[in-house]
Amino acid sequence: MLSSPLISVVVAAYDPRGVLETCLQSILSQAFKDVEVVLVADQSPECPAEVVDAWARSEARVSVVRLDSVAGIGRVRNAGAERATGRYLLFLDADHVLWGGTLEAMADRLRTCDEPDVLLLGHTRLHKGRSWPGGATDLLGGLDARPFDPAGEPELFEAPAYIWDRLIRRDFWAGHALAFPDGLHDDVAVVHHVMLAADRVAALKWDCVQIRRRHTQHPAESPGATQFDVFDRYEESFGLLDKYGRADAAPFLFSRMVRHYLFLLGLSGYLSRAERPQFFQRASEHYQRFVPDGYERPQGREGVKFQLVANGVYGAFQTARLPNLARGILSRP
C-alpha cells in the first residue's frame, strides 16, 4: 500500500448487479499508479465478500474496511474517508466506471492548479445502451480554465449535487468536519457544504466518470431511511446558505430543489401510491417556504410544473400528468 497516494478512491461494495469488479478494474488498470482504493464492505447480502477478499489479497493498493452491520451509504462513505490516506478523496459506487487516462488527467489538473480544495469532473450516465451527458455538463463547460473562487459562481448550485463527480482535498474534508448523514440522498447537503466552504475550485472538463444504472439515486437501503429524507437534506442546504451568507445562491439552489422533487415524483416505483400525495404536499410546503423574493420560474412546460407545485393542489398535478401517463402505457410493448 502506498504510504500517501495522491488520490484515495472510496468505493462502496454494495453490488446488487454484480459490477464491482468492472469498477475496480477501471481504477486499478490505469497507467496512473499513485492511487489507493478503500473498499468498504458492510454485512449486506448484496456485498460480495468473495470479490472483496480476492481484491484485497491480489492488489496491494486495495484496503478493506469491514463494518459489523448493515449500514447506509452515508456511514459506508464516512468509514472509507476515515481510512483513506491520499491527498484527495473520490467517492464511487460499484456501478461507476472511470474512463482510461482520467486519473492521470486528474493528477495533471491538480498539479497545474496548485492543488485546489475541489476539482469538478464531467460525467455521463449509461442505461439500456444509451449514454446521457451529466446534469452539470453545460455549467462545467462555461467555467474558467483557471482555479476560481466558487463564491463568484452561484449558478453551480443549480447543478445536481453528486459526490462522485468531484475530487475533494482530504485536509479540507477533515478541517471542515464534513461527513455524510444517515438516510437517503446523503450527498445533497454535503456537496453544497463543500461548495460553500471551498476557497479554490478547479474544473476538469472531461467526462471522467460513468454511472451505469437507470437513475442516479443510490440503490442501497439505509436502516430507518425513507424516501422523504430528501426534504431534510434541502433544509440543511438552505440552512448552510444562511450560515455562509450566500443569499445570491438561493434562486439557483431553489430551482435545483424543485427539479429534484419533480424528478422523484416522476420516477416510476420510487414512491408508493399512498406516498405520492404526501410527498407532493411536502414539496409544495418547501416551495412556499424557500422561494426567494422575485424568483422567476422557468419558461414553458417546466414552468407549468413549478406552478403546480407552488399551488399545492395534488389533483391538478395528477391531471396534468395524465397525457404523459397515457402515452407511456400505449407505448409499452
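Yes or no, residue by residue, for (1) under 27 Å from the mean Cα position of the chain (by Cα); (2) modelled with pLDDT of 95 or more:
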site	(1), (2)
Ser255	yes, yes
Leu267	yes, no
His286	yes, yes
Asn324	no, no
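Looking at (1) open to solvent by less than 60 Å² (accessible area, probe 1.4 Å); (2) at pLDDT below 95; (3) in contact with a His (Cβ under 8 Å, 6 or more places away or on another chain), can you tell me which one Thr216 breaks?
Status for Thr216: all satisfied but (3).
Select, from Leu89, Leu140, the only residue that is within 17 Å of the chain's Cα centre (by Cα), buried (at least 23 other Cβ atoms within 10 Å of the Cβ) and of a type outside the set (D, E, K, R).
Step by step, each of Leu89, Leu140 is checked, and only Leu89 is within 17 Å of the chain's Cα centre (by Cα), buried (at least 23 other Cβ atoms within 10 Å of the Cβ) and of a type outside the set (D, E, K, R).
Among the residues of region 46-66, is any in contact with a strand residue (DSSP E or B) (Cβ under 7 Å, 6 or more places away or on another chain), polar (S, T, N, Q) and within 12 Å of Val9 (Cα to Cα)?
Yes: one or more hits.
How many residues are farther than 18 Å from Gly294 by Cα and small (Gly, Ala, Ser) if we restrict to region 226-280?
So the count comes out to 8.
Would region 84-97 turn up any residue that is small (Gly, Ala, Ser), in contact with a strand residue (DSSP E or B) (Cβ under 6 Å, 6 or more places away or on another chain) and closer than 29 Å to Asp229 by Cβ?
Among the residues of region 84-97, at least one is small (Gly, Ala, Ser), in contact with a strand residue (DSSP E or B) (Cβ under 6 Å, 6 or more places away or on another chain) and closer than 29 Å to Asp229 by Cβ, which makes the answer yes.
Counting only residues that are in contact (Cβ under 8 Å) with a residue 12 or more places away in the chain, aliphatic (A, V, I, L, M) and open to solvent by 20 Å² or more (accessible area, probe 1.4 Å), which one in region 146-183 is farthest from Val10 (Cα to Cα)?
Checked region 146-183; the qualifying residue farthest from Val10 (Cα to Cα) is Ala151.
I'd like to verify a number: residues in region 274-297 that are open to solvent by less than 30 Å² (accessible area, probe 1.4 Å) and part of a loop (DSSP other than H, G, I, E, B), how many?
Within region 274-297, residues that are open to solvent by less than 30 Å² (accessible area, probe 1.4 Å) and part of a loop (DSSP other than H, G, I, E, B) number 1.
The values are calculated or read from the model by the stated rules, or taken from the named source; none is laboratory data. In this text the structure is predicted, and so the values were computed from the model without any measurement. Heads up, the Cβs are rebuilt from the backbone with ideal geometry, glycines too, and the neighbour counts pull from every protein chain shown. With ligands, DNA and RNA removed, areas are computed over all heavy atoms of the protein, side chains included. Shrake-Rupley method; radii C 1.70, N 1.55, O 1.52, S 1.80 Å.
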